[in-house]
Structures are given as structure tokens and as C-alpha cells.
Amino acid sequence: MCGIVGYIGNQDTTNFLLDGLKELEYRGYDSAGIALLNDEKIDVFKALGKLENLKEKISKSTLGEYHIGIGHTRWATHGKPTELNAHPHLGEYSYVVHNGIIENYKELKEELIADGHNFVSQTDTEVIVHLFENYENKLENSTEAFKNTIQRLEGAFSILLISKADPSKIFFFKHGSPLIIARGKEEKEVLFSSSDAPLIGLANDVVYLEDGVGGVASTAGIEFFSDDYSWSTLPTSKQFAQKDGFRFFMEKEIYEQSDVVSDCMLGRLNDDEILFDEIDASVFDGIKEIKICACGTSYHAGLTSAYLFERLSKIKCNVEIASEFRYKEPLLTKDTLFIVISQSGETADTLEALKMAKKAGLKSIVVCNVDNSSMTRTADYTILTRAGIEKGVASTKAFSTQAVVLWMLALYIAKAKNVIDTNILQNEIHALREVPSSLMVADKMHEKAKRLSKRYLHGHGFFFIGRDVFFPLALEGALKLKEISYLHAEGYPAGEMKHGPIALADPELFTIALMPENLLYDKIKSNVEELSARDSTICAISPLDFELADDFIKTQKTDHYMLEFFEMLVVLQLLSMEISIRLGNDVDMPRNLAKSVTVE
Ligand code: M6R
């Protein structure tokens, strides 16, 4: 979720790059950098943290006149947020900025080191520029060198590359991550950006590059390597552009889930195993139990994973709300692996729980979306969820990436402990690969959520019910609704309703029933029948028709309950958002809430 900009033309290159990066900063800001090229040299500036730091550094430097430049704002995936790891990355005489992940960077790096290249950063990106120079040195033709380079890369990569070997050009390629090329309003101007916002007002005509499309640009024009592109007109509103045309950041983030989950799995899924380069497998030696601590939505991801750790990794797992854990004088033993989950990495209660576990000598892992946050600095190991910056206060894509990471971790441990049958493991990995499609928002599904939203604005409350992993999903559905609609909602284990809450059942009690086909269908069906018999209004979410439902949202048929889980998650997120919109609430900044809760 990094941001990329590029410029060719006669205006102030530095200003365009800095202004453009400012527009993209909301996507991630652990470091930023620009490379500026003129006939004689390339000048590079990088700084850690917010863009202001880069601006300050540049303001203290003597600048030349440049007609070409590339820039980047980074959200760390491979390698800590340091100046060395900040883009642009240098070879000997070329620079690259990159958005995405190079899955085969390790093989390429070894090959390039054997060929005499020196690497200075911990990033996957650096291989691109060395690979380019390797070809350039042999072919002495930059365009051919660039074409050869992109053919060798695997993963997701949108790239801008400049080189002293051909100093009037920017080489570009898009695969996976977004990239736009634009004809500037000024003569001979070519602009690049990973999103609309930096281009608005400066260009009218743009190409939203498709995957696999690249080329080379200069003041002489743009040459595409294939015919697979078309020009279109740029929108004129910046606010609209930042949200990529969505009404709210939450909506954009719901739609992004399929992509960010793919990013989250990149390089971590093999045919028959899960890879986590960031953890040392010895962390599990002598571990008999897992304890998870988290808050809010992250707690729900933890609860979900507890089913998976016990079912797949055959390891005892319990989950606690961090604020409760802190004061209960917990008994902590060193054969317990302590896992904290946090989108922000700054939640005070979770951080404090982590510190307590560390003090007691437990090994710790944080599953987190923000590198260099307090938790990633404190835990022994960090697994980044790679969801990109999440702006909506109601967490969406952070949850789906957490659930995927924890599912992968359960399989990683299962394999390390040798407790999983090879066929089951392969089946799980196959299912994991299908998660991005389960998270896709179908127009029909969104329309249905919109239509249904108007029927659920009154009543005396909602019960979201489910069993097994669909119970934490029910909790998450209820939390989403509460947060942004301010309606009362509870998540409940479906089998527990008869032990008390069913007393509330009447037509004004809305039951949102999660009825997956692949997990305990008959059990949940009879729980819902009990509620229907007491006249509760039922909205069933299931791939199987259910005649007692007052409203029905049909999900796709799949062969794995976790795929049903992710599709139902999207349904719940959309339903809450549409109810909130109908009530006229501020979806992205609901009352009384903050994105990061750094107080007790
Ligand atoms: O940053 P964290 O994941 O540690 O935050 C935990 C909770 O504050 C957070 O999940 C909160 O519940 C969200 N508003 C849920 O949408």
C-alpha cells in the first residue's frame, strides 16, 4: 500500500513529486523518498517518518534543475522502516520505486550477488534495480534490459525506474498494484501516480494501466510495450479521488479486502507449506499453549483463530480481552506462546499485556498492521498483516488480514509440529488461495444489503448468532453495527440463545443468523428455528435456502467453511455500513470513537 509518483517535463519536478506524495501519504508513511535526474547526475533524498521530514531535508539542500523524477511513500512490508529501506532504491547508476511484493526476490538476490552485485537494504525491491543493471550491462539497451527484468519478476509490482544509462526516460510497468500514466496539461509533460489524487488539476487524459502493461516515457512521448491500454478522462474532485470513487473510506476498505489479503499471502503460501520468513521456527520449541490478547475487532480475530489453533495445530489456545487480562493477576508460564493482535500496534491495553508477558519471560509474537509501532518494537517477532493504512474507524480489512495471518500461522505450527495430514494441509492451502475471491464484493450482494438496510432501522435490538468460528464472526458483525449505526446489537453463540436471551424474542428482535453449509449447519438451523417459533424476525445468511427466514442473503457454495466465513464477513460489513448511511451517521468517524485507543 505504498504510493508512487513520477514526473517528466519542464515544470518544477521536485514540487510535483512532493505535492503528489502528500496526496498519497494517507496510504502509508513510514518513510518517503525522491530521485531527481538531469543529464549529469541523479540526486536522491530520503527520510524516515512523515513527508514533512523529507521536505525539511530537501529545503536544506542545494537543488539542481531536473526534468525527470520519481518518488515514493512507503508502508513497510519487507524490511524495517529505515532510511536504507526507503525507496527509491539504487543499483550503480539507476533508481527504482516499487509498490507490491517481489515473491521470488530471494532467488534473484542470490543470483545477483553471485554476479557481483552489492545489496544495501533488506527490501525485496532492491533486486529490481540490480536485475535491470545486470541486463543493461550485458545488452547496453535500457528498454530491452527493462523488458527482461519484468519478465523475471514474480509477485505484485508496479514500478517506475530511471537510469543514467538512458537519462531522458522513465520505464514503467504495472502488475498487481495500481499505476496511472497521464499526459500533463503542459507541453511534453508525462505524469505518473499510483492513484488519481496527485494528478487532479494537472492532467486531463490518463491511462489506468492494466496488469501486464508497461512501457517507456520521455518528453518525446509514451511508448507502450503492448496495445492493451486506453485513455480516459480524469475525475475532477480530490476527495472523491482519495476514496477511489467510494462514498466512505470504510466502503473503499471493504472493497479493498480481496487485494490486501492477496498482498498478505504473497510469498507466504507454497504448494505444501506456509512460510513466515519473519519468525524463527524455534519459537515454538517447548511451547504447550498459546495465549492471545487483543481488543475489539482484533480480539474477534483472536477468538476465530483459537478454533483453528486447536483444530489444526492441536495446541491449547485461549484468548483474553487485553483490558481484563491486565488486572486479573494472570498465571503465566514459559511454555506459553503469547500472541497479541493489533491493527495499530498502539492500543494501550494490548501493549501493556504484551509487556507483562515479556516481563514474565514468555516468547511473544505480534500480528500487526503497522511496522515500527510500539508493539512491533516490543514483541520478539512481528507478522505484518499488510492491509495498508486503514482510515475508517470501523475496522474491516485489518480484520480479514488478521484472520488470514492467524489461519496461516495455525497451519505453520501444525506442519512444524507434524500434526497435520498432508492432504488436509494441501486442502487448507487450496482454500487459503480462494480467500481473495470470497472477499470480492459482488454488485448483487451490495445491492441486497442496501435494500435490506431500510427494513432494520427500528426494533429493540439485533442478535447476531453463529457457531464455532461463526460465533466470533457474529460478535464482529454486532460490533460493526453498534459502532456506526448506534443501534443495540449483540453477538451470541447460537446454541446459547435458549439459555436466556431467547426470552427477548419477538417480531421487533432482529436475528442475523450465520448459517454456513460446511460447519454445523443442522445445529444452527435448529437454533434459528427455535427463534423463528418465538416470532423473532430472521435475516438468514447462507448458501442454502431457508424457508423460515423473513429475509435471506444467499452466499456462494464453497467446500470450506472459512471461505463462507470471509464472504459472510463482507455481507455483515456492508449491511452495517448501509444501515449507518441510511441513518445519516458519519460512517468513517462515528461518534465517541477513536481509531487508535492509546489510553487505558
Ligand atoms: O489497533 P487495534 O487493533 O489494537 O484496535 C483494537 C480496537 O480498538 C479496534 O479493533 C476497535 O474495536 C475498532 N473500532 C473496531 O472496528
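The values are calculated or read from the model by the stated rules, or taken from the named source; none is laboratory data. Keep in mind that this is a model prediction, so the values were computed, not measured. Cβ: placed from backbone, ideal geometry, glycine included. Neighbour counts: every protein chain shown. In case anyone asks, the SASA skips ligands and DNA or RNA and just uses the protein heavy atoms, side chains included. Shrake-Rupley method; radii C 1.70, N 1.55, O 1.52, S 1.80 Å.
Checked against (1) among the small types (Gly, Ala, Ser); (2) out of contact with any Lys or Arg (no Cβ under 8 Å at 6 or more places or on another chain); (3) in a loop (DSSP other than H, G, I, E, B), Ala398 passes all but condition (3). Restrict the check to the range 157-170 and report whether at least one residue is part of a strand (DSSP E or B), of a type in the set (Phe, Trp, Tyr) and in contact (Cβ under 8 Å) with a residue 12 or more places away in the chain. The answer is yes; a qualifying residue exists.
When Met497 is tested against (1) modelled with pLDDT under 95; (2) surrounded by 24 or more Cβ atoms within 10 Å (Cβ to Cβ), just one condition goes unmet, and that condition is (2). Only one of the numbered conditions (1) assigned to a strand (DSSP E or B); (2) more than 26 Å from Asn592 (Cα to Cα); (3) β-branched (Val, Ile, Thr) is not met by Ile512, and that is (2).
One residue stands out in the range 257-268 among those that are open to solvent by 10 Å² or more (accessible area, probe 1.4 Å) and assigned to a loop (DSSP other than H, G, I, E, B): the one that is farthest from Glu567 (Cα to Cα), namely Gly267.
Counting only helices (runs of 4 or more DSSP H) that sit wholly inside the range 269-384, those with at least 3 residues that are open to solvent by 10 Å² or more (accessible area, probe 1.4 Å) and not acidic (Asp, Glu) are 296-312, 348-359, 374-378.
Close contacts from the range 4-15, counting a first residue that is at positive phi and a second that is open to solvent by 10 Å² or more (accessible area, probe 1.4 Å) and among the charged types (D, E, K, R), with Cβ to Cβ under 7 Å and a gap of 6+ residues or different chains, come to Gly9/Glu186; Gly9/Lys188; Gly9/Glu189.
Checking each residue in the range 260-284 for being in contact with a strand residue (DSSP E or B) (Cβ under 9 Å, 6 or more places away or on another chain) and either of a type in the set (D, E, K, R) or within 16 Å of the ligand (Cβ to nearest atom) (or both) picks out Asp263, Cys264, Arg268, Glu278, Asp280.
Does Leu139 satisfy the criteria of being touching a helix residue (DSSP H, G or I) at 6+ places or on another chain (Cβ under 9 Å) and surrounded by fewer than 18 Cβ atoms within 10 Å (Cβ to Cβ)? When the stated conditions are applied, Leu139 passes them. The criterion of at least 1 residues that are open to solvent by 10 Å² or more (accessible area, probe 1.4 Å) and out of contact with any Pro (no Cβ under 8 Å at 6 or more places or on another chain) is met, among strands (runs of 3 or more DSSP E) falling completely within the range 174-218, by 180-184, 203-208, 213-218.
Only one entry of Lys415, Lys448 meets the criterion of being under 30 Å from the mean Cα position of the chain (by Cα), outside any loop (DSSP other than H, G, I, E, B) and either free of Cβ contacts under 8 Å to residues at least 24 places away in the same chain or within 18 Å of Phe566 (Cβ to Cβ) (or both), and that entry is Lys448.
Considering the range 111-137, and only residues there that are modelled with pLDDT under 95 and small (Gly, Ala, Ser), the residue that is farthest from Gly267 (Cα to Cα) turns out to be Gly116. Note on the range 388-437: residues that are among the hydroxyl-bearing types (Ser, Thr, Tyr), open to solvent by 10 Å² or more (accessible area, probe 1.4 Å) and in contact with a helix residue (DSSP H, G or I) (Cβ under 9 Å, 6 or more places away or on another chain) amount to 3. Considering the conditions (1) within 14 Å of the ligand (Cβ to nearest atom); (2) free of Cβ contacts under 8 Å to residues at least 60 places away in the same chain; (3) small (Gly, Ala, Ser), Gly584 is excluded by exactly one of them, (1).
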